[in-house]
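A quick write-up on the structure given underneath.
The values are calculated or read from the model by the stated rules, or taken from the named source; none is laboratory data. Note that the structure is a prediction, hence the values are computed from the model and not measured. Note that each Cβ is placed from the backbone with ideal geometry, even for glycine, and that neighbours are counted across all protein chains shown.
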Amino acid sequence: MAEPARLIALVEDDEDLRASTAQLLRLADFTVEAFADAPAALAAVGAAWPGLVISDVRMPGLSGIDLFRALHARDAELPVILITGHGDVGMAVDALKAGVWDFLTKPFAAEALIAAAERAAHARALALENRRLQALAQDSGGSALIGASPAIRRLRDMIPTLADADLDLLIEGETGTGKELLARLIHQGGKRRRHRLATINCAGLAPALEDEILSLSGGASLVHASYGTVLLDDIDGASSRFHNLLVPVLEERALAVPGKAPVPLDLRVIATAGAGGQGSEAAAPLPPALLHRIAGMRIAIPPLRARREDIPLLFAHFAQEAAARARLPVPRLVPAVQDRLDHHTWPGNAHELARFAQQFVLGLVTPDSSDNAAPAPQPLADRVDAFEREAIIAAVRAAQGRIATAIATLGLPRKTFYYKINKLGIDLQALRQE
């Protein structure tokens with residue numbers, strides 16, 4: 001969970017009261033900058049102030065109310081706590097409605113002031129963390145491979161070299177770490193990008209399909225990847241039979257034809273496998289003969305739990321993507337969300353994080369009800385619209401733009417489907433062109 005922003009600007013014109021209040025707050029582990037009047041505080045506290053403000057109401061010149069209004073105009077999320085006399089309660093209530101975080105009436109108990117400051121500091125920390133995540137999401141270094149960890153920065157730096165090297169690669173990592181994404185970026189950055197990237201999901205291939213891949217006929221034949229790149233996804237999930245059949249093909253870069261000369265293959269091979277090239281317990285270990293032929297270079301992508309500094313950036317990216325798809329604003333962080341980002345191990349890696357970001361955007365993550373900064377949940381109608389929009393887009397993409405197939409998958413009458421397309425503002429033409 002985000003650490004509380006424990007910096008306080010204390011504004012009090014009474015010198016003795018200012019000194020005693022500052023000492024009380026410092027004993028509670030706050031850092032205090034004390035000011036004798038509102039203009040001095042106003043000059044020091046900007047929109048990036050990483051803490052909160054505690055101010056007396058009645059002061060010569062600018063009052064605490066005036067100070068609050070000026071600060072609120074700069075940063076509406078900056079918590080301001082006002083300290084009032086008995087005669088100022090009505091004024092303070094009006095200010096509270098206008099956005100003052102809290103107010104205390106003199107004389108106040110020390111525990112009440114510290115408790116109010118703790119709540120305000122925590123809310124400020126969440127607000128600043130939310131801003132940081134939004135900034136990170138907009139600055140991913142110009143690459144689809146998002147992350148700030150040394151491992152991801154190193155991979156980003158390697159992409160241009162790997163793309164031009166035309167070297168066969170084995171990319172290893174747990175499910176959801178971005179192996180296929182890295183393979184696509186390498187293909188798109190190299191001289192073969194003008195030709196096809198043919199993806200073969202090797203896990204659980206039927207023997208007939210294995211034969212088709214290594215033959216001259218059929219849509220799955222490696223011939224169709226000529227001059228391009230073949231991505232052998234989850235190669236460690238393929239059968240031992242397929243592993244053994246691949247070895248001579250990759251060795252000779254040719255397909256054998258009974259009674260005829262072999263047909264040459266001009267292609268680059270990028271394979272993906274589980275961590276260590278072994279995949280799951282059910283996967284067949286890669287035989288050395290195959291491993292040596294596909295691993296011109298082995299690249300390991302570490303899991304999210306080993307590069308936790310990437311989690312906030314990826315979460316912000318996924319949240320903004322989900323918000324754009326659902327046509328919803330990105331909600332403000334709440335303690336329940338921040339706590340999960342900080343402490344969950346994310347065994348599903350980016351796939352799991354993306355689902356969590358989508359749930360967060362749709363208001364399906366239960367907020368901490370004690371957090372005063374938490375926004376109200378999205379209205380049910382908005383959640384339903386967002387869910388339907390996601391479902392329709394996913395169905396059209398899964399059907400590769402075939403509308404009749406998508407309608408059948410969704411189980412909707414055609415008229416209802418097009419009604420929802422118009423209602424939800426879905427660009428069907430753009431989807432079909434993807």
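Some points to look at:
- Any pair with Cβ under 6 angstrom, 6 or more apart, that starts in the range 99-110 at a residue that is part of a loop (DSSP other than H, G, I, E, B) and ends at one that is loosely packed, with under 15 Cβ neighbours inside 10 Å: K106/G85
- When restricted to residues that are assigned to a loop (DSSP other than H, G, I, E, B), surrounded by fewer than 18 Cβ atoms within 10 Å (Cβ to Cβ) and modelled with pLDDT under 80, the range 353-396 contains 10.
- On the stretch given as the range 119-140, residues that are surrounded by fewer than 18 Cβ atoms within 10 Å (Cβ to Cβ), at pLDDT 70 or above and either more than 19 Å from the chain's Cα centre (by Cα) or not in a helix (DSSP H, G or I) (or both) total 0.
- Selection count, the range 156-174, where residues are over 25 Å from E252 (Cβ atoms) and either outside the structural domain of I294 (by TED's automatic domain parsing) or touching a strand residue (DSSP E or B) at 6+ places or on another chain (Cβ under 7 Å) (or both): 2
- Considering the range 157-184, and only residues there that are among the acidic types (D, E) and assigned to a loop (DSSP other than H, G, I, E, B), the residue that is modelled with the lowest pLDDT turns out to be D166.
- Set V269, V337, V249: member being of a type in the set (V, I, T), outside the structural domain of D427 (by TED's automatic domain parsing), buried (at least 21 other Cβ atoms within 10 Å of the Cβ) and assigned to a helix (DSSP H, G or I): V337
- Top-ranked residue of the range 3-31 - restricted to ones that are surrounded by 20 or more Cβ atoms within 10 Å (Cβ to Cβ) and of a type in the set (A, V, I, L, M), ranked as farthest from F108 (Cα to Cα): A5
- Taking the criterion of being outside any helix (DSSP H, G or I) and over 27 Å from T175 (Cα atoms), the residues of the range 220-243 that qualify are S226, Y227.
- Flag for A38 being of a type in the set (A, V, I, L, M) and touching an Asp or Glu at 6+ places or on another chain (Cβ under 8 Å): yes
Conditions (1) under 28 Å from L205 (Cβ atoms); (2) aliphatic (A, V, I, L, M); (3) in contact with a Phe, Trp or Tyr (Cβ under 7 Å, 6 or more places away or on another chain); (4) not assigned by TED's automatic domain parsing to the domain that holds L128, marked per residue:
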{"site": "F242", "(1), (2), (3), (4)": "yes, no, no, yes"}
{"site": "V257", "(1), (2), (3), (4)": "yes, yes, no, yes"}
{"site": "A273", "(1), (2), (3), (4)": "yes, yes, no, yes"}
{"site": "H292", "(1), (2), (3), (4)": "yes, no, no, yes"}
{"site": "M297", "(1), (2), (3), (4)": "yes, yes, no, yes"}
{"site": "F315", "(1), (2), (3), (4)": "no, no, no, yes"}
{"site": "E321", "(1), (2), (3), (4)": "no, no, no, yes"}
{"site": "L341", "(1), (2), (3), (4)": "no, yes, yes, yes"}
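- Output for the range 314-334, where each listed residue is surrounded by fewer than 21 Cβ atoms within 10 Å (Cβ to Cβ), under 10 Å from the mean Cα position of the chain (by Cα) and of a type outside the set (S, T, N, Q): E321
- All positions within the range 185-217 that are under 16 Å from V269 (Cβ atoms), in contact with a strand residue (DSSP E or B) (Cβ under 7 Å, 6 or more places away or on another chain) and part of a loop (DSSP other than H, G, I, E, B): C202, L214
- Candidate set: the range 9-62, residues that are aromatic (F, W, Y) and without any contact (Cβ under 8 Å) to a residue 60 or more places away in the chain; chosen: the one nearest to R119 (Cα to Cα): W49
- Residue within the range 206-228 that is modelled with pLDDT of 90 or more and within 28 Å of the chain's Cα centre (by Cα) present: no
- Selection from the range 298-334 of residues that are closer than 30 Å to G274 by Cβ, outside any helix (DSSP H, G or I) and of a type in the set (A, V, I, L, M, F, W, C): I299, A300, I301
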